[in-house]
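The values are calculated or read from the model by the stated rules, or taken from the named source; none is laboratory data. As the structure is a prediction and not an experimental result, all values here were calculated from the model. So basically every Cβ, Gly included, is an ideal-geometry build from the backbone, and we count neighbours across all protein chains shown. Surface accessibility is based on the protein's heavy atoms, side chains included, excluding ligands, DNA and RNA. Shrake-Rupley method; radii C 1.70, N 1.55, O 1.52, S 1.80 Å.
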Amino acid sequence: AKCQCKLLPRERKNCGYPGISAAECKKIGCCFNASTPSVPWCYTPKQKKVKKVCPNDPYTRINCGYPGIKAKDCTKRGCCFRAHPAGVPWCFYHRVTEE
């Protein structure tokens, strides 16, 4: 992702070998930017930021509890709780999405 390559030149960590081409650099999953001399042009991207979200679609919920589980016991397990609609898990796992 482009946003993972937005690093200040001084924050760049070398990811390739001297004289690596832009294509070769990208092929190994690194960022390439030759606009600043004296810093690595092929460098390691920033870590992806992820966040946990409770899925909106009740029919994609993956059960995290048991029938009759209380909201408090569900959240203690680190899961989402929504007491609706009928016929789907009310205590269910988070989804992880990239920011």
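Candidates Cys54, Cys30: the one that is assigned by the TED database to the domain that holds Tyr17 and free of Cβ contacts under 8 Å to residues at least 60 places away in the same chain is Cys30. Checked against the criterion of being exposed (fewer than 14 other Cβ atoms within 10 Å of the Cβ) and at pLDDT 95 or above, the candidates Lys27, Lys6 yield just one match: Lys27.
Looking at region 30-54 only, could you name the residues that are crowded, with 16+ Cβ neighbours inside 10 Å, closer than 24 Å to Glu98 by Cβ and not aromatic (Phe, Trp, Tyr)? Matches in region 30-54: Cys30, Cys31, Asn33, Cys42, Thr44, Pro45. Out of the residues in region 9-24 that are assigned to a loop (DSSP other than H, G, I, E, B) and of a type in the set (A, V, I, L, M, F, W, C), which is most open to solvent (accessible area, probe 1.4 Å)? The selected residue is Cys15.
When you look at Lys70, is it surrounded by 11 or more Cβ atoms within 10 Å (Cβ to Cβ) and closer than 16 Å to Asn14 by Cβ, yes or no? Here the answer is no, as Lys70 does not meet what is asked. Examine region 64-73 for a residue that is among the hydrophobic types (A, V, I, L, M, F, W, C), within 30 Å of Gln4 (Cβ to Cβ) and either modelled with pLDDT of 95 or more or outside the structural domain of Tyr17 (by the TED database) (or both), and state whether such a residue exists. Within region 64-73 (the criterion being among the hydrophobic types (A, V, I, L, M, F, W, C), within 30 Å of Gln4 (Cβ to Cβ) and either modelled with pLDDT of 95 or more or outside the structural domain of Tyr17 (by the TED database) (or both)), the answer is no, since none of the residues qualifies.
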